[in-house]
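Everything on this sheet refers to the single structure shown next.
The values are calculated or read from the model by the stated rules, or taken from the named source; none is laboratory data. What you see is a predicted model; the values in this text were computed from it and never measured. Remember, those area values only see protein heavy atoms, side chains included, never the ligands or the DNA or RNA. Shrake-Rupley method; radii C 1.70, N 1.55, O 1.52, S 1.80 Å.
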Amino acid sequence: MSMANGQNNQSEVVLRPGRPEDTGACGRICYEAFEGIARHHNFPPDFPSVNEATGLIDMFLSHPNFFSVVAEVKGEVVGSNFLDERSSIAGVGPITVDPKLQNARIGRRLMEAVLARASERKLAGVRLLQAAYHGRSLALYASLGFLPRESIACMQGAALGTLPAGYRVRQAVEADVDACDRICTFVHGHDRAGETLDAINLGTATVVEHEGRITGYATDVGFLGHAVGETNRDLMALIGAASAFSGPGLLVPLRNGALFQWCLAHRLRVVMVMTLMTTGLYNEPAGAYLPSVLY
Ligand SMILES: CC(C)(COP(=O)(O)OP(=O)(O)OC[C@H]1O[C@@H](n2cnc3c(N)ncnc32)[C@H](O)[C@@H]1OP(=O)(O)O)[C@@H](O)C(=O)NCCC(=O)NCCS
């Protein structure tokens, strides 16, 4: 088999749905693919270990609302991709191809598979975030119809331990979901109830209250969580109350200059810049928000 970079014979690549027994191979490839690209560009890896990458893949492969696709060559797993179908706007990723086989159009086929799925399911739109330093993924997604919408700073640092006066942050419970959905729909034009419920069950979701009502929420303050608020002060409360910022960091839209500068003033550091890209329906956000790495 001639499988050096760019030499792969497309007919050898078979795509099929992911299965629980793919977890180990997909987790290892996920770690190695992100680690290799990040190291090449002198950036920290998205996942600190194979275990962390495998944990995420395990969760996605076993979740009923995630579509998965695995690429195989001669019976061996060489890559995978996922579509988060918990909302009417779907999220792509993580997409990863074995570093030995990258640049041979396997990534393109894995992307085409999730886009075909989204159109089959008549999902209104698809979104993703990519590391801006990675020219290949940027080019791949743009050539498949994705438009860059927003530059996002991934930021990390010590917990801030600060709250604006008159704001209170507490753990979210199931009874909060309707209030959270209302704010999300106001900001994004659709709710993200599936993600919010999952985060409540995981214990990572928080809500902010101001003047006796919920004015924002975060499914987690970090890489895998999204947040919305009526105003920047709601986001500042959620960020200020977080005990840590999960994964590589929280994701701050650069166009929200006031929030970005506030994070810098609170000594958060920029880890990398990412690009939010979408295809299909996209509503310009009408309020304060932090995307998750899946959107
Ligand atoms: C991103 C990733 C999945 C892409 O998979 P891949 O199999 O290497 O990519 P492909 O060969 O299918 O597609 C790359 C495309 O970008 C093009 N490309 C590559 N570098 C480019 C550049 N600098 N400028 C313009 N186009 C470029 C290639 O020519 C190819 O297009 P083509 O199909 O028209 O020839 C893979 O590189 C990977 O696993 N990366 C590590 C993890 C990661 O970054 N995931 C994405 C997170 S958002």
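Expressed as a whole percentage, what fraction of the accessible surface of segment 138-295 belongs to carbon and sulfur atoms when a 1.4 Å probe is rolled over the protein heavy atoms?
Accessible surface attributable to carbon and sulfur in segment 138-295 totals 54 percent.
If N is the number of residues in segment 220-286, what value comes out of its Cα radius of gyration divided by 2.2 N^0.38 Å?
It is 1.13.
Evaluate Rg over Rh across segment 137-267, taking Cα atoms for both radii and Kirkwood's formula for Rh. Could you put the intermediate results ahead of the total?
On the way: Rg = 14.9 Å, Rh = 15.2 Å.
That ratio equals 0.98.
Considering every Cα-Cα pair within the chain, what fraction, in whole percent, is farther apart than 38 Å?
Numbers: 4766 of 43365 pairs.
Here the tail beyond 38 Å accounts for 11 percent of pairs.
Two decimals is fine: what is log10 I(q)/I(0) at q = 0.13, 0.15 Å⁻¹ for segment 21-180, from a Debye sum with one equal scatterer on every Cα and no solvent?
-0.72, -0.93
How many percent of DSSP beta bridges within segment 147-290 run antiparallel, rounded to 5?
95 percent
What's the carbon and sulfur percent of segment 1-110's accessible surface, probe 1.4 angstrom, rounded to a whole number?
Details: 2570 of 5050 Å².
Heavy-atom surface of segment 1-110 belonging to carbon and sulfur, 1.4 Å probe: 51 percent.
Give me the percent of DSSP beta bridges within the chain that run antiparallel, rounded to the nearest 5.
Expressed as a percentage, antiparallel bridges in the chain total about 95.
Determine the per residue accessible area of segment 102-177 with all protein chains present and a 1.4 angstrom probe, expressed in square angstrom.
So segment 102-177 comes to 48 Å² accessible per residue, rounded to a whole number.
Any chance you could list the semi-axes, whole Å, largest first, of the equivalent ellipsoid that the Cα gyration tensor gives for segment 178-240, using √(5λ)?
Values: eigenvalues 50, 38, 23 Å².
For segment 178-240, the semi-axes come out at 16, 14, 11 Å.
Could you derive backbone 3J(HN,Hα) for segment 255-269 from the dihedral phi with the Karplus parameters 6.51, -1.76 and 1.60 (θ = phi - 60°), listing whole Hz in sequence and x where the residue is Gly or Pro?
Karplus-based 3J(HN,Hα) across segment 255-269 equals 5, 7, x, 5, 6, 4, 5, 5, 4, 4, 5, 9, 6, 6, 10 Hz.
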